[in-house]
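Reviewing the structure listed below.
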Amino acid sequence: MPPKTYIAAIREALGEEMGHDERVLLIGEDVRLGVFAGTRGLHREFGPGRVINTPISELAVAGMGVGAAVTGLRPVVDLMFGTFLYLAMDQIANQAGCMRYMFGGQAKVPIVFMAQNGGGLGAGPHHSQPMHPLFMNMPLIKVVAPSNPYDAKGLLKAAVRDDDPVVFLSQLSLGGQRADVPDEEYTIPIGVGDLKRAGADVTVCSAGLTVHRALEAASSLAEDGIDAEVIDLRTLKPWDEAMVLESVAKTGRFVAVDESYPTCGAASEWAATVAEKAFGDLRGPVQRVSNRPVPIPFSPVLESQTIPAAADVVDAVRRTMARG
Amino acid sequence: MPPKTYIAAIREALGEEMGHDERVLLIGEDVRLGVFAGTRGLHREFGPGRVINTPISELAVAGMGVGAAVTGLRPVVDLMFGTFLYLAMDQIANQAGCMRYMFGGQAKVPIVFMAQNGGGLGAGPHHSQPMHPLFMNMPLIKVVAPSNPYDAKGLLKAAVRDDDPVVFLSQLSLGGQRADVPDEEYTIPIGVGDLKRAGADVTVCSAGLTVHRALEAASSLAEDGIDAEVIDLRTLKPWDEAMVLESVAKTGRFVAVDESYPTCGAASEWAATVAEKAFGDLRGPVQRVSNRPVPIPFSPVLESQTIPAAADVVDAVRRTMARG
Amino acid sequence: MTIAAKEAIGAAAVLRIYRCCLRIRRFEEKVAQLFKKGLLPGFVHLYIGEEAVAAGVGAALRADDHIVSTHRGHGHVIAKGGDLNRMMAELFGKATGYCKGKGGSMHIADFSIGVLGACGIVGGGIPIALGAALSSATRGTDQVAATFFGDGAANEGSFHESLNLASVMSLPVLFVCENNHYGEFTPAAEAMNVADVADRAAGYGIPGVVVDGTDPLAVHLAAADAVQRGRRGEGPTLIEAKTHRGDHAEGEKAFLAGQPYRDEQELERAAAGDPIEKLTADIAALGLFEADVLEEIDREAVAAVEEAVEFAQNSPDPGPEALMEDRWASG
Amino acid sequence: MTIAAKEAIGAAAVLRIYRCCLRIRRFEEKVAQLFKKGLLPGFVHLYIGEEAVAAGVGAALRADDHIVSTHRGHGHVIAKGGDLNRMMAELFGKATGYCKGKGGSMHIADFSIGVLGACGIVGGGIPIALGAALSSATRGTDQVAATFFGDGAANEGSFHESLNLASVMSLPVLFVCENNHYGEFTPAAEAMNVADVADRAAGYGIPGVVVDGTDPLAVHLAAADAVQRGRRGEGPTLIEAKTHRGDHAEGEKAFLAGQPYRDEQELERAAAGDPIEKLTADIAALGLFEADVLEEIDREAVAAVEEAVEFAQNSPDPGPEALMEDRWASG
Ligand SMILES: Cc1ncc(C[n+]2csc(CCOP(=O)(O)OP(=O)(O)O)c2C)c(N)n1
Ligand SMILES: Cc1ncc(C[n+]2csc(CCOP(=O)(O)OP(=O)(O)O)c2C)c(N)n1
Ligand SMILES: [Mg+2]
Ligand SMILES: [Mg+2]
């Protein structure tokens, strides 16, 4: 079994779920040809009734998905780039994100909103903004952000089977990644983190692209005798608090690394939770490593400076090790 | 000078700024009659060329505001309820929030987006969701959230004079508040907090409605000999980190109180920052008091349980005092 | 519309429509009273004056068809066969309400009868109907979905995107525009430069029909046509029902502090266009029922509303455990 | 359109349009080469085949008019008088670029000549033009604002809301729809059920005009009319220019791995509809300029593009200090 790409893993997940369950539909702009989100080929396999190629109308497309979900289908709505979700936000936040609760439990909203999140493409601000903190803030939306092909497949399959709205954020910057991805059936439970590297001195928590930066940083820290534990949360909401708190109980130090804007970002949430619930364990200040607070610039030279690099993680670890 | 209501203060601010500067326009649905955001009467005073009553088209209305701002006007766009901003999000986040930076500094975007934020109205989820964390996460958007009539007027005037996009969030739940509001010219600088109550034992940080809950809590804590310092941030972004850190340096304890959803909420940001930058000062764990993670329910009985109450603040203070 | 055209409707449907109009009217009158007494929290938008639309469309739908409603939605729920007790209880925010008190007036839903919910976001419900229609198309049934919205909502992006999307997908959707000439306090004539919202249908390649929205039987005929098109797989229809409402929301007079916003002509037209009077006249002209039948229907409606109020008032508030329930369908 | 109708245009304007078409064509051809060589980061969408639209509209605008552009925006900037050096430098992400390298191909802006920016969000630029028009109306000038967008964008909510809003406010806006028959890889015929986007204008009570978007002078005449309406305070116009593009984005063939999406007829029509050939023929028919004048213009265009490449390649990348600059206009 040759290693598969991140995108191929997504395609496999969709294909398998559509194969299993005829209620699963794929809806979006250019899902027929498959622009990049791994929808390619599914149209041939499942036909235009299951792979619905739509006009450029994010709001109505998302809303149609919501209506389909509450009437018994399990739509996967591909909105292409995260930033385009701004146009569909009412349907995601006010409708999908409220219907079950505000109708007193009558509605079941099994819908997946897919999009490419974050930068690294040299595509400029309108195709690169990290969106996950916005969805994390919505109380009844789940958010997943796989960092590798294996997780992408397993999490997407779990998302499709989930009975609640899930925002599935993939990253084009991970598109080239290859890994062993079983052809056999598996899912990865939503809400469960993955301990990527055990370590004794500091807990580094991340998700998506920056997991790789964190692992890089851990390798380089190891050379200096600092033993970092690296957690890939995989699910951003609900996130695996227990795994993180357990790790911090052991290491006593915490660094949150995330590709989003700093204020009210994912790293803020992780750091606040650790400071709140593991204060007694902490031997140094929690540290955050986030994007620089600028719309991801086009120039690759600038862009690479906005997104957390391994060196930023190393610096943050050193800052928290220096104290206490 | 009789005390003025929060809404009257907003109206005064708009009237004064429109009077000073003919580039200031007011744009929105039913701004002519003034549904509640304090626009009432301005149409008579300034006419339909300055007070522009629009169709129900949040996205285009916001976008028209952006276009007006970059071509020399200073529009105030009233979008009524915070939740309606989801429909205008592309223009706020992708356009207003990116134009200056992504055009290399060519654009100046002096625009104010006004809306009523949060719950307390018995109006159900679609009119009550707290929106500020979403805007706080956007790197080049300022966010203000006054807790009282005096600040409402001073901050709104400052927002109108600001050369960058500002989201001005008022709260209908504060609409009944009355306070002395000078007729004379004054502004409140964006980014500067207000120490509402000095105290030695714990720093309680908040903004908007929950400032009042924090103050209530402080009074009741005082009866038990706990002396809380209460900070009203007034501006949510950029927020007055220095004031908070200075306070924590003195008190050694920190409680963040905010009417938003817990994950990636404003309280997360404040707590994370304190834990990161004032770790050495902390004698107990930072604590957050946020909404319960549910779309604000309609039933006033339930609604009042979702939004932080004074008792929740008291509990949080006790939790952090109990430790260390 | 001539009375002859209405003859085809048949006594049963006419009776259903009449009953529906009366139930809506009596329900809403009672809600107005309750609101005035301060018994109902939040915002309340009544359907009085617009009964013809919901009743006419509702009688053209089957039990398994879906509807999506609006902030002004009580009438839609009643027309789809909703339970007055549970609706009234919801308006009171009670645990026995349709949404267990979590939704309120602007969020009534009854999935068991195909009411996919009212919506506090103007235009927010429009695309949701497409999804319901897509579901039936996917399952191969001939169910249709109707979505109600106002003249104001017709200026929202969701209207445009949804009509276009439904058209290219040929989805069985009835877009029912309740043109009551105002969006809150702004006249439709100021908010759009065309006389008829229905004119917009041409831009999507679908039929656009204007109908007298104060005439229940006329609305019904238009809706029945559109439903048939939908069931035959011929795609969506835009029906614009010209109608009139009372106040935008209860309590608006105090709230507006006397600022007027409706012109005299509109007020006169509204007064002249009572759908129940029109329907009563039609029933007489068609020679269908005697006055006592109609009176009995009215008495039933009044009694049902009284019972609903009693049910609601005797119901408990949601308990504290309710707060965190109904969040997730999955674990 | 007959040649007689084009006589009114006048030699100066025709020359301007010709020069503009050539500059766009030569610029874009060079960009294609540079992209193939891997010298340009990000996504690049070329304007080849659509030159008539930008050039025709551009020549109808004054220096102080505003335009809002799209992801396929190089041609619009050139038509408004943009600087090739700074645009090319921006495509390279250089510090000397229009946006100091922060925007790239999809975000070129030149506020000094009224180009309020290209936009990577389909339909995102449409309402911004209303604001520019509102500014001029407020200041009492007769400036107009033109916003370009594709057939695909005409299905976005922003299109609908903006046309309606501009109509009721009677704003001097030219809505210029570049209908190249595809939105990415989806045919317009599948994305809407009407032949002409211009048909939608009626739903907003504004004029909708279809024009041959491969005919620079025809576009110019339509644009000039619309501009005059705007300057006279008669409100917006929707102009739909039927045109053809090459690939959606550079590199798409590799990317699509051979999946076809354009039908033969469209490819033939595209090949037949070269705007520069059409304009050259018109110029000959009008007897305006000799071939050597046109050749000289082409040589100038080629030279200007060469210079732009040199400028860009010799320019520095943005330094690290640039990262945190250009964030706030206020303190
Ligand atoms: C997106 C959005 N914008 C604004 C509002 C505020 N609002 C509530 S009802 C209403 C008027 C709607 O007018 P119309 O669609 O004609 O319906 P009607 O009330 O006349 O039945 C408005 C603007 C809202 N609820 N949602
Ligand atoms: C809101 C949004 N949705 C989707 C996209 C992805 N996208 C980029 S270009 C494009 C096609 C646009 O088609 P059209 O408006 O016809 O313009 P054209 O490319 O044909 O000039 C799409 C869908 C986008 N950039 N923005
Ligand atoms: Mg209306
Ligand atoms: Mg196109």
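Restricting attention to the range B:161-205, the residues being among the small types (Gly, Ala, Ser) and over 30 Å from B:Tyr86 (Cα atoms) number 4.
Can you pull out the residues in the range D:162-209 that are more than 24 Å from C:Ser170 (Cβ to Cβ), more than 10 Å from chain C (Cβ to nearest Cβ) and part of a loop (DSSP other than H, G, I, E, B)? Passing the criteria: D:Leu171, D:Pro172, D:Asn180, D:Pro207.
Screening B:Gly208, B:Gly252, B:Gly191, B:Gly225 for residues that are in contact with a Pro (Cβ under 6 Å, 6 or more places away or on another chain) and at positive phi leaves exactly one candidate, B:Gly191.
Scanning the range A:84-93 for any residue that is modelled with pLDDT of 95 or more, away from ligand 2 (no atom under 16 Å from the Cβ) and either under 30 Å from B:Glu269 (Cβ atoms) or out of contact with any Phe, Trp or Tyr (no Cβ under 6 Å at 6 or more places or on another chain) (or both) turns up at least one such residue.
Return yes or no: is A:Glu259 touching a Leu at 6+ places or on another chain (Cβ under 6 Å), more than 12 Å from chain B (Cβ to nearest Cβ) and within 20 Å of A:Thr306 (Cβ to Cβ)? Criteria met by A:Glu259.
One line per residue, one yes/no per condition, for (1) within 21 Å of D:Gly49 (Cβ to Cβ); (2) among the hydrophobic types (A, V, I, L, M, F, W, C); (3) within 16 Å of ligand 4 (Cβ to nearest atom); (4) surrounded by 24 or more Cβ atoms within 10 Å (Cβ to Cβ):
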position: D:Gly81; (1), (2), (3), (4): no, no, no, no
position: D:Ala95; (1), (2), (3), (4): no, yes, no, no
position: D:Lys100; (1), (2), (3), (4): no, no, no, yes
position: D:Gly104; (1), (2), (3), (4): no, no, no, yes
position: D:His107; (1), (2), (3), (4): no, no, no, yes
position: D:Leu116; (1), (2), (3), (4): no, yes, no, yes
position: D:Gly124; (1), (2), (3), (4): no, no, yes, yes
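Within the range C:255-306, if we keep just the residues that are surrounded by 12 or more Cβ atoms within 10 Å (Cβ to Cβ) and in a loop (DSSP other than H, G, I, E, B), the residue that is farthest from the chain's Cα centre (by Cα) turns out to be C:Gln259.
Taking the listed residues D:Phe159, D:Phe148, the one that is within 16 Å of ligand 4 (Cβ to nearest atom), closer than 30 Å to C:Pro127 by Cα and assigned to a strand (DSSP E or B) is D:Phe148, with no other qualifying.
Looking only at the range C:53-77, residues that are away from ligand 3 (no atom under 15 Å from the Cβ) and over 18 Å from C:Ala133 (Cβ atoms) come to 5 in all. Going through (1) within 14 Å of chain C (Cβ to nearest Cβ); (2) crowded, with 24+ Cβ neighbours inside 10 Å one by one, B:Ser173 falls short only on (2). The test for being touching an Asp or Glu at 6+ places or on another chain (Cβ under 7 Å) and away from ligand 2 (no atom under 16 Å from the Cβ) holds for C:His248.
Taken over the range B:200-258, the residue count meeting the criterion of being under 30 Å from B:Lys157 (Cβ atoms), of a type outside the set (Ser, Thr, Tyr) and not in a strand (DSSP E or B) is 22.
In the range C:66-84 there is no residue matching the filter, namely being in contact with a Pro (Cβ under 7 Å, 6 or more places away or on another chain) and small (Gly, Ala, Ser).
Report whether or not D:Gln265 is touching a residue at least 12 places away in the same chain (Cβ under 8 Å) and either of a type outside the set (D, E, K, R) or more than 30 Å from B:Met102 (Cβ to Cβ) (or both). Criteria not met by D:Gln265. Looking at A:Lys142, A:Lys153, just one residue is of a type in the set (Lys, Arg) and either within 14 Å of another protein chain (Cβ to nearest Cβ) or more than 14 Å from the chain's Cα centre (by Cα) (or both), and that residue is A:Lys142.
One residue is enough: does the range C:43-58 have a residue meeting the conditions of a type in the set (Ser, Thr, Tyr), within 14 Å of chain B (Cβ to nearest Cβ), surrounded by 24 or more Cβ atoms within 10 Å (Cβ to Cβ) and in contact (Cβ under 8 Å) with a residue 60 or more places away in the chain? No - not one qualifying residue is present in the range C:43-58.
Restricting attention to the range D:167-189, the residues being within 16 Å of ligand 4 (Cβ to nearest atom) and touching a strand residue (DSSP E or B) at 6+ places or on another chain (Cβ under 7 Å) number 10.
In the set B:Val313, B:Val301, only one residue is free of Cβ contacts under 8 Å to residues at least 12 places away in the same chain and not acidic (Asp, Glu); that residue is B:Val301. In the range D:80-99 there is at least one residue matching the filter, namely being farther than 19 Å from B:Gln95 by Cβ, charged (D, E, K, R), more than 14 Å from ligand 2 (Cβ to nearest atom) and in a helix (DSSP H, G or I).
For every residue, the table says whether it meets (1) in the same structural domain as B:Ile7 (by TED's automatic domain parsing); (2) surrounded by fewer than 24 Cβ atoms within 10 Å (Cβ to Cβ); (3) out of contact with any helix residue (DSSP H, G or I) (no Cβ under 8 Å at 6 or more places or on another chain).
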site	(1), (2), (3)
B:Val66	yes, no, no
B:Met80	yes, yes, yes
B:Leu87	yes, no, no
B:Asn94	yes, no, no
B:Arg100	yes, no, yes
B:Gln106	yes, yes, no
B:Leu121	yes, yes, no
B:Pro125	yes, no, no
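When the test is whether a residue is modelled with pLDDT of 95 or more, within 16 Å of ligand 1 (Cβ to nearest atom) and of a type outside the set (Val, Ile, Thr), D:Leu174 does not pass it. Please find, within the range C:101-145, the residue that is farthest from the other protein chains (Cβ to nearest Cβ) out of those that are of a type in the set (Val, Ile, Thr) and assigned to a loop (DSSP other than H, G, I, E, B). Only one residue fits best here, namely C:Val144.
With the condition kept exactly as written, say whether any residue in the range D:66-74 is of a type in the set (Ser, Thr, Tyr) and in a loop (DSSP other than H, G, I, E, B). Yes: the range D:66-74 contains one or more residues that are of a type in the set (Ser, Thr, Tyr) and in a loop (DSSP other than H, G, I, E, B). Being buried (at least 24 other Cβ atoms within 10 Å of the Cβ) and within 24 Å of B:Arg100 (Cβ to Cβ) is the requirement here; does D:Leu130 meet it? For D:Leu130, the condition - buried (at least 24 other Cβ atoms within 10 Å of the Cβ) and within 24 Å of B:Arg100 (Cβ to Cβ) - is met.
Scanning the range D:200-213 turns up one or more residues that are over 25 Å from C:Val197 (Cα atoms), within 13 Å of ligand 2 (Cβ to nearest atom) and in contact (Cβ under 8 Å) with a residue 40 or more places away in the chain. Scanning the range A:166-199 for residues that are touching a helix residue (DSSP H, G or I) at 6+ places or on another chain (Cβ under 7 Å), of a type outside the set (Lys, Arg) and under 23 Å from A:Val35 (Cα atoms) turns up A:Val166, A:Val167, A:Phe168, A:Leu169, A:Ser170, A:Gln171, A:Ser173, A:Leu174, A:Gly175, A:Gln177, A:Ala179, A:Val181.
This table checks each residue for (1) hydrophobic (A, V, I, L, M, F, W, C); (2) within 23 Å of C:Gly123 (Cα to Cα).
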| residue | (1), (2) |
| --- | --- |
| A:Pro2 | no, no |
| A:Tyr6 | no, no |
| A:Leu25 | yes, no |
| A:Arg40 | no, no |
| A:Gly49 | no, no |
| A:Pro55 | no, yes |
| A:Ala69 | yes, yes |
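The values are calculated or read from the model by the stated rules, or taken from the named source; none is laboratory data. No experiment lies behind these values; they were computed from the predicted model shown. Note that we place each Cβ from the backbone using ideal geometry, even for glycine, and neighbour counts take in every protein chain shown.
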